[in-house]
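Heads up, the thing below is written out as structure tokens.
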Number of protein chains: 2
Amino acid sequence: MGKVTCDIGISVDGFVAGPNQRLDEPLGDGAERLHRWMFEQPEANAEAIEKITAAGAFIMGRNMFASGRGDWDLDWTGWWGDEPPYHAPVFVLTHYERAPVPMKAPSEARPLNGGGRGLEDGGTTFNFVTDGIESAMARAQEAAGDADVAVAGGAQTVNQYLAAGLMDELRLHVAPIVLGAGERLFEDVGDLALEQVAVSHTDLVTHVTYRVAS
Amino acid sequence: MGKVTCDIGISVDGFVAGPNQRLDEPLGDGAERLHRWMFEQPEANAEAIEKITAAGAFIMGRNMFASGRGDWDLDWTGWWGDEPPYHAPVFVLTHYERAPVPMKAPSEARPLNGGGRGLEDGGTTFNFVTDGIESAMARAQEAAGDADVAVAGGAQTVNQYLAAGLMDELRLHVAPIVLGAGERLFEDVGDLALEQVAVSHTDLVTHVTYRVAS
């Protein structure tokens, strides 16, 4: 079995999403600046970017999958268009039953932000899990086999897995911005024992990897 | 005129002091772990430690000088004993008038945490400023001459200087701990434009230097 990991962009004041999340600004006000390093410096940050999509399965919260959609919308297939960057099964935490949504395989090599993967990696399927985070983790680990399971976000979902002691590695990507409000990482996670295991940086980000032993 | 700088230890969840600050635990519960890198790895962190006490004048809040003392106590001369690590004038923000308190020069070389300075650097004087942060800054800059002025803490004082646009350089020392509660840096500081200018680390800390252009 692989590790349970989380890559998450965070401001210096601890926010992973800004205030006023909505349909046309799903990360909230100002939060697109969290990811400048990814879009403006893909080569210098290639190693970090590659790791973000390397997992064998992904878990995300309902809010990350469908932030601002209000009621459940069966036509909605996420923010990522026809070819999501997740080339492995995705498990979405939700309270609404829904049949799995297979997304087609990429029609051509479409690397994510210059790192990433192409045609040979295939598509993904969005699976909807209504019976809690442990169940989602069990299903994701079964799907991932020996590969890692990545908790993709958002903040509440990551915090739930941290609080439950189900996270092995947290990779923070700290952007030099102050958001002032929004969603905080580490809220109500209880006591966490962290071990800082790797640090790297460009001028737009500091990458810090923590091993979690809660 | 030198820069206005701030060195501050911070947890991964953004706290620079823990909850329940009191006389026998002035940094609050658990917060002594913010500074393990300083005490356990003084040589590996020598460059960062040296910068902390290199300023030509220091400013600190009343809470940092006398946290938990309740009413003003004229016998109190800070937490640092007869030979504070500040070998330059210190300006304490307070609402209480008080005559300056000169501290004697070190009687022998007493390096701070293995970095630091000795006999030749002389003592310090605690000056008490009752007419606001701008006044304290003017007095500190006059005292410092061409050297930097360091805002030593605590969180409220640093946040006030950030909000007022009076900070040039913020040096965060991020410890791999979660405090969960306490005093936050960056609270109510408004819009800050940060430029990440340096990163270094040991396994107990990540040092990140930001230039502040507010």
task: Report yes if residue A:198 is within 13 Å of chain B (Cβ to nearest Cβ), touching a residue at least 40 places away in the same chain (Cβ under 8 Å) and open to solvent by 30 Å² or more (accessible area, probe 1.4 Å), otherwise no.
output: no
message: So, in segment B:181-195, exactly how many residues are part of a strand (DSSP E or B), more than 17 Å from residue B:160 (Cα to Cα) and more than 8 Å from chain A (Cβ to nearest Cβ)?
response: 0
query: Does at least one position in segment A:35-50 carry a residue that is closer than 26 Å to residue B:187 by Cα, open to solvent by 60 Å² or more (accessible area, probe 1.4 Å) and at pLDDT 85 or above?
result: yes
Filtered residue count, segment A:136-171, keeping only those that are open to solvent by less than 30 Å² (accessible area, probe 1.4 Å) and either in a loop (DSSP other than H, G, I, E, B) or of a type outside the set (D, E, K, R) (or both): 18
query: Quick check, is residue A:49 within 13 Å of chain B (Cβ to nearest Cβ), of a type in the set (Val, Ile, Thr) and within 17 Å of residue A:152 (Cβ to Cβ)?
result: no
query: Can you tell me which residues in segment B:201-214 are hydrophobic (A, V, I, L, M, F, W, C) and open to solvent by 20 Å² or more (accessible area, probe 1.4 Å)?
result: B:204, B:213
statement: Residue hits (segment B:1-35; acidic (Asp, Glu), assigned to a strand (DSSP E or B) and in contact (Cβ under 8 Å) with a residue 60 or more places away in the chain) are B:7
query: Only one of B:30, B:9 is surrounded by 17 or more Cβ atoms within 10 Å (Cβ to Cβ) and more than 12 Å from the chain's Cα centre (by Cα); which?
result: B:30
field: Total residues in segment B:202-214, condition out of contact with any Gly (no Cβ under 9 Å at 6 or more places or on another chain) and either assigned to a helix (DSSP H, G or I) or more than 20 Å from residue A:37 (Cα to Cα) (or both)
entry: 3
Meets criteria (more than 9 Å from chain A (Cβ to nearest Cβ) and modelled with pLDDT under 95) for residue B:214: yes
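The values are calculated or read from the model by the stated rules, or taken from the named source; none is laboratory data. Because the structure is a prediction, the values reported are computed rather than measured. Because the Cβ atoms are built from the backbone with ideal geometry, glycine has one as well, and the counts that use them run over all protein chains shown. The area values use the complete protein model at the heavy-atom level, side chains included, leaving out ligands, DNA and RNA. Shrake-Rupley method; radii C 1.70, N 1.55, O 1.52, S 1.80 Å.
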